[in-house]
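What follows is a short report on a single structure.
What follows draws every value from the coordinates through simple rules; no lab data is involved. The model shown is predicted, which means the values in this text are computed figures rather than measured ones. Methodologically, a virtual Cβ is constructed for each residue, glycine included, from the backbone with ideal geometry; neighbour enumeration extends over all protein chains shown.
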Amino acid sequence: MKLVLAIVVLAGCELIANIPDPGERSGDDAPLADGGGSGANDADPDGPPPECLVSSACTTGAAPVCGADHSCRECIDDPECGSGVCLPDGACADAARFLYAAPNGTGATCTAAAPCTVDTAVTKLSVATDIVKLAAGTYVRTSTLDAALPGILAGGGATFQSQLPDYNFVFTVPSTNPSFTILGLSIVQTDTANMLSCDGATVKMVRTSARDGNVGMLATTCALEFDRVRFTGFRYYAVAASLGTIAVRNSYFVANGRGASTQLAALQVDRTSGLVEASTIANNGGILSLLCQPNTPVRFRNLIATGSTPPGIASDCAVDHSLVDATYASGANNLTGDPRFVDPATGNFHITATSPARGVGDPLTPLLRDADGDLRPNPAATPPDVGADEIP
């Protein structure tokens, strides 16, 4: 702030004062770019100016959102993006990449004015238009969706309601498809339908929920990536992966196993490598939480894995820094106890403030957010909570 030296004559005396330059203002009196009445740096009037006041000031693609602290950050969910699609890497999707689909779509070109059916849209995926943007609503599925081309199915606000015959899959992703992503979609199966079959492809699921039906995902020689995903209500397993890779974070595998078979698990891996972390695998009825075949190099850390049929976790699974059932004797840095979920009877598997899962995770875990998009760890620079939820 510049100061103007002024000489004021009062009753024959000269008073010298430093008066602020009227062209400058700072602190609480500083004008805001959006016309507001207080500055973002009120606590420190002489501190640096805020990085942003509105998201339009965030011009970096990797950090398109103006956060509560007035710094630009990645998007967390679709409503934060003008295009309505928040990509898995935290960038907002460019609408120029969209093919549009709607529950009652009849168009042939898949534009916003004339949306197609989902089945038509996925056959038109290309390098330039690699995102199928689903309009909100319910898509009744009476046939399998064959995801034969690489791309993203962006389903924020959309529900796939399966009415397929017994044991049919809602999705198939063949080996000819190098990468298919399901983003923000809700998938609901009939009692004995299956959810997804993958053979030799890369399949990503982000901010997606899948419930009910016979089995969830059957993957062979696939690369699987799950972030902020929820599998619940499956009769048998939620995910069975063999001969591939798996990366799971911030996800829930809960209340599966209505078919009651101790030869199965909510999450089962066979000759698969990877990492499963910061997830909640709980209350899975008559099946195990985790089942690993020998020679399966998957590391499991920072989990809540409790409440399933004993032994809960197969001895071949390498679990550390987790809250587990007392029947699991392998692994390191684990503890046992009631996770104290908020209300598992209604599907609320967040942890309460008194949960033993608080602050006991591996401090080297690099994840910055939990299943709700809340920052982790909280407080900063402390060990994270284990499970999919970080107490805010």
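Skipping prolines and chain starts, which residues have an amide H placed within reach, meaning under 5 Å, of the one on His350, given they are 5 or more residues away or on another chain?
Residues meeting the amide H criterion: Val342, Asp343.
How long are the three semi-axes of the equivalent ellipsoid for region 51-90, computed from the Cα gyration tensor as the root of 5 times each eigenvalue, in whole Å, largest first? Walk me through the intermediate numbers first.
Working: eigenvalues 49, 17, 15 Å².
Each semi-axis is √(5λ); the values are 16, 9, 9 Å.
Using a ≥ b ≥ c from the Cα gyration tensor of region 133-209 (square roots of the eigenvalues), is it rounded, prolate or oblate, where a/c under 1.5 gives rounded and otherwise the larger of a/b and b/c decides, a/b for prolate?
oblate
Of Pro379, Pro294, Pro50, which has the largest mean-square fluctuation in a 10 Å C-alpha GNM of the chain?
Among Pro379, Pro294, Pro50, the largest mean-square fluctuation in the Gaussian network model of the chain belongs to Pro50.
Using just the helices of the chain, give the 222 nm mean residue ellipticity in deg cm²/dmol: DSSP H runs with n ≥ 4 each add -39,500 (n - 2.57), and the total is spread over all residues, rounded to 500.
-500 deg cm²/dmol
What number does region 43-189 give for Rg over Rh if you use C-alpha atoms and the Kirkwood radius?
For region 43-189, the value is 1.09.
Once phi is turned into ³J(HN,Hα) by the Karplus curve 6.51 cos²θ - 1.76 cosθ + 1.60 with θ = phi - 60°, what whole-Hz value does each residue of region 62-72 show in order, with x for glycine and proline?
Here the 3J(HN,Hα) series is 7, 9, x, 10, 8, x, 4, 8, 6, 10, 6 Hz.
The chain: D in µm²/s via Stokes-Einstein (Kirkwood Rh, Cα pairs, 25 °C, 0.890 mPa s)?
Value of D from the Cα-based Kirkwood radius: 106 µm²/s.
Relative contact order for region 257-392 using alpha-carbon pairs under 8 Å, separation at least 6, rounded to a whole percent?
Relative CO of region 257-392 lands at 19 percent.
Which residue fluctuates the most in the chain, going by a Gaussian network model with Cα springs under 10 Å, if the choices are Thr190, Thr60, Thr144?
Thr60
Fewest to most neighbouring Cβ within 10 Å: what's the order for Thr352, Thr159, Thr280?
By the 10 Å Cβ count, ascending: Thr352, Thr159, Thr280.
Any chance you could run the full-extension gain for Ala57 through Asn333? It's 0.36 nm times the residue separation minus the Cα-Cα distance, nm to one decimal.
Contour length minus Cα-Cα distance gives 94.9 nm.
How big is region 176-234 on each of its three principal axes, counting only the C-alpha atoms and giving the largest first in Å?
Here the Cα extents, ordered largest to smallest, are 30, 21, 12 Å.
Only Cα pairs under 8 Å and at least 6 apart count here; give the relative contact order of region 70-161 as a rounded whole percent.
Reported relative contact order: 22 percent.
Picking from Ser289, Ser308, Ser71, which is most flexible by a Gaussian network model of the chain using Cα springs under 10 Å?
Ser71
May I ask you to sort Cys86, Cys66, Cys72 by Cβ crowding, counting other Cβ atoms within 10 Å and putting the fewest first? The partial results should precede the final answer.
Details: Cys86 27, Cys66 21, Cys72 17.
Listed from fewest to most nearby Cβ atoms, that is Cys72, Cys66, Cys86.
Any idea what diffusion coefficient region 60-139 gets from Stokes-Einstein, in µm²/s, Kirkwood Rh on alpha carbon pairs, 10 °C, 1.306 mPa s?
The calculation lands on 119 µm²/s.
When only C-alpha pairs under 8 Å and at least 6 residues apart count, what is the relative contact order of the chain, in percent? List each step's numbers first, then the result.
On the way: 1136 pairs, mean separation 24.8, N = 392.
Once normalised by length, the contact order is 6 percent.
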